[in-house]
Amino acid sequence: MATGSRPWGTLLLLPLLLPTACRAGGGCAGEGGPLEPFDALYASGVEAYYSGDFAGAARCMERALSSRRELRAARLRCRRSCRGQVRLAAPGPGAGGDLPFFGSVLRRAGCLRRCEERLLGAASRHRAAEEVGADFQRRVPYSYLQRAYIQLNKLEEAANAAHTFFMANPEHMEIQQDIENYKTTAGKVDLIDWEAKQHMEDYSAGVRHYDKEEYELAIDFLERALKGYYSEDEDCQLMCEGPQRFEEHEYLENKAGLYEAIADHYMQLLACKHDCVRELATRSGRISPIENFLPLHYDYLQFAYYRVGDYVKALECAKTYLLFHPDDEDVLENAGYYEGLLEGMMDPDTVKPRKDAKMLLRRHKLESHLLQVAAAGLGYTYTEPNYWNRYGARQDEHSVPSSISSEPEDGPRLSLAKKPTPKPDRELKEGGPLLYSDVKFVYNSQQLNGTQRVLLDNVISEEQCRELHRVANGIMLAGDGYRGKTSPHTPNERFEGATVLKALKYGYEGRVPLKSARLFYDISEKARRIVESYFMLNSTLYFSYTHLVCRTALSGQQERRNDLSHPIHADNCLLDPEANECWKEPPAYTFRDYSALLYMNADFEGGEFIFTEMDAKTVTASIKPKCGRMISFSSGGENPHGVKAVTKGQRCAVALWFTLDPLYRELERIQADEVIAMLDQEHLGPSEMNINPKDEL
């Protein structure tokens, strides 16, 4: 983030919140007084940052983050304490029977008010603007902290701050590049997420040990993760008891009856509590939760306990998993096998599912029932999400080896194969005809060490490459396609681009040769037809975005470069190298299905296109661009890719993204089609290249 701009305009609304203690090297909170509001500290940190007081900015940002954590802890403490001190009374019969209940509600409200005022001061001090809360949710303070730490030469702290911000903003390529630089310059490899959810960290560690067949360690971490999960669930339930926004419930202004108002508020509170299951299963910065998250703990544990010889715990965890999925054939078979191992030693029926899971499920089902009843009675829409999707499953193929099984060969066995995963939207094929006799096949997916990949040569000729290059020089704008950012991926290169429609417009106006502008349109259509045919798609492949792009190495900035021209990413999902996941959710272009890059030249240094594993580190294929060469691949997490640094010269290509969904057709392409139709009517004719496919090979 440049120090000369303010991307978060909401902060301009906060000048009145600035505590003088945060300015000009002062402290950020009064000693011994009530908790300083985190939004005021945040605003002070921003002001200090832009005034060049980086020590003050770091101090205030640290205090803002700490204050927000302390605020949450104080509210949890008060709500937990008052829940214990003041029990809600049951309503009695007859007139006035509801008074005991409402009396206990009033006493609990008074308890909460007194507790929070004692710990926090006046409640109004801690009512932060919604926009500020959103900044903390997105971890924006860590972006400021990272830059401040750099100025203070605290590289280790800067690396951890950048990592913490990146974990909630995986699409932020500049931060991703900063992290790689820290790893190189500061030797910082193991980064710390200062906002990590501990139960998720323990779960991930347990799975890693499980995959290494270190079952005792896996059990320790997974059990710790479960303990943390249920503790976080209780906290999540309590935090839902705060103010609600009454979204889409404007009717209360006209119908503020007692019971209707109470019911409306309570239903929003209940929806919040019901969604804690999703909240606790969702990584920071993600929208989609880890599927089947809580049941998976018990699925891993049932096999891990079996492998260490604790058959009682194995059966207990298998039965607990079956609470969530009672018809899971694999785990039913496993439970039966464990029962067989215990026969003669104890009665397997005495082994019961775990109580905390039973209680959570019972509560969750009752919440769901009440929400659906209320939706019908109060007239709003509610659809119950699938919180325990069975498609989220252990991805291992462990079974009981015959060497440790006491059963005969035809006896019961553990069946722990991979559970079914969602079928792809389409059957994946490749190897279809290339349609054009001059196009040369080079490598397929297997030869490129991946899935749905193909490398082709001679897609366009040397003369067409030169002509396209001339067009590019006449129409490209710096930063086109990246909101005017001339160096969107690295400060060491200049980025320029242009669209098909712009090329045709310039051609029609005579600013570039019309034939050359038409060539850009025609070769992109040729590429689309080749991709559609080679991958044997049964439906039409539409353009999603078409871009003629050039990257130019900036002189004087190439010594000891260790960054990439384009960081490793996937085209339709948010790549999460730490979790080996790719999250198909906004802001990713989730509608993209296939991608292609058609290269125009080779007279530059560096700039190799690379595929990697999902760790964004292990390179699986490297491709040197040259005129007429095209790489095409499916756009998902199966194909992470990037571009090595261009260290000399200019690298140009036509970048193409395609979709199978006509709703996401490229608008400029539709407009370009209309321009072409108009040109044909005016007898201006096509370019000289032949775009008609030959008979199928």
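Split the accessible area of the range 444-683 by element, probe 1.4 Å, and carbon with sulfur accounts for 48%. Summary value for the range 495-644: 23 percent relative contact order, contacts being C-alpha pairs under 8 angstrom separated by 6+ residues.
Across the cross-link table entries Lys319/Lys358; Lys273/Lys358; Lys154/Lys183; Lys183/Lys624, which are compared at the Cα atoms, the separations over 19 Å belong to Lys183/Lys624.
Projecting the Cα atoms of Met614, Met536, Thr499 onto the dipole axis of the range 444-683, where Lys and Arg carry +1 and Asp and Glu carry -1 at the beta carbon, places Thr499 farthest toward the positive end. Considering only Pro513, Tyr664, Asn639, the residue lying farthest towards the positive end of the dipole of the range 444-683 is Pro513, judged by Cα position with unit charges set on Cβ. Excluding ligands, DNA and RNA, the accessible surface per residue across the range 444-683 is 41 Å² with a 1.4 Å probe. The stretch between Tyr50 and Asn181 holds 44.8 nm of extra length on full extension. This uses 0.36 nm per residue minus the Cα-Cα distance. Taking every protein chain into account, the 1.4 Å probe leaves Cys573 with about 10 Å² of accessible area, to the nearest ten. Each of Cys550, Leu575, Leu598 was scored by the projection of its Cα onto the charge dipole of the range 444-683, and the greatest displacement toward the positive side belongs to Cys550; charges sit on the C-beta of Lys, Arg, Asp and Glu.
Taking all protein chains together, Leu370, Leu342 sort by accessible area into Leu370, Leu342, largest first [probe 1.4 Å].
Only the Cβ atoms of Lys and Arg (+1) and of Asp and Glu (-1) were treated as charged; on that basis the dipole of the range 254-342 about its Cα centre amounts to roughly 460 debye. Counting only protein chain heavy atoms and rolling a 1.4 Å probe, the accessible areas of Thr381, Thr590 rank, largest first, as Thr381, Thr590.
The figure for Leu548 is an accessible area of roughly 0 square angstrom, using a 1.4 Å probe on the protein chains alone. Accessible surface computed residue by residue for the range 198-248, with neighbouring protein chains in place and a 1.4 Å probe, gives 53 Å² per residue.
What shape does the range 562-693 take by its C-alpha gyration tensor, where a ≥ b ≥ c are the square roots of the eigenvalues and a/c under 1.5 counts as rounded, a/b above b/c as prolate, and the rest as oblate? Oblate is the answer for the range 562-693, as a/c is 1.5 or above yet b/c matches or exceeds a/b. Heavy-atom surface analysis with a 1.4 Å probe gives the range 310-350 a carbon and sulfur content of 48 percent of its accessible area.
Full extension of the chain between Glu216 and Ala263 gives 12.1 nm of extra length, using 0.36 nm per residue less the Cα-Cα distance. Taking a ≥ b ≥ c as the square roots of the eigenvalues of the Cα gyration tensor, an a/c ratio of 1.5 or more together with a/b no larger than b/c marks the range 444-683 as oblate. Each residue of the range 290-298 was assigned a 3J(HN,Hα) from its phi angle through the Karplus curve 6.51 cos²θ - 1.76 cosθ + 1.60 (θ = phi - 60°); the sequence is 5, 5, 6, 4, 5, x, 4, 3, 6 Hz, with glycine and proline shown as x.
Using the Cβ-Cβ distance between Lys365 and Asp190 with R0 set to 56 Å, the FRET efficiency from 1/(1 + (r/R0)^6) comes to roughly 0.85. Could you list the residues of the range 579-612 with an amide nitrogen less than 12 Å from a label point located 7 Å from the Cα of Ser539 in the Cα-to-C-beta direction? Once the point is set 7 Å along Cα→Cβ of Ser539, 593 turn out to lie under 12 Å by backbone N, inside the range 579-612.
Quick check: Cα centre of the range 120-135 to Cα centre of the range 425-464, how many Å? After rounding, the separation between the Cα centres reads 56 Å. Taking all protein chains as they are arranged and a probe of 1.4 Å, the heavy atoms of Ile523 leave approximately 0 Å² accessible to solvent.
The values are calculated or read from the model by the stated rules, or taken from the named source; none is laboratory data. Since we're looking at a predicted model, the values are computed, not measured. Neighbour counts run over all protein chains shown; Cβ positions are idealised from the backbone, glycine included. What goes into the accessible areas is simple: the full protein's heavy atoms, side chains included, and nothing from ligands, DNA or RNA. Shrake-Rupley method; radii C 1.70, N 1.55, O 1.52, S 1.80 Å.
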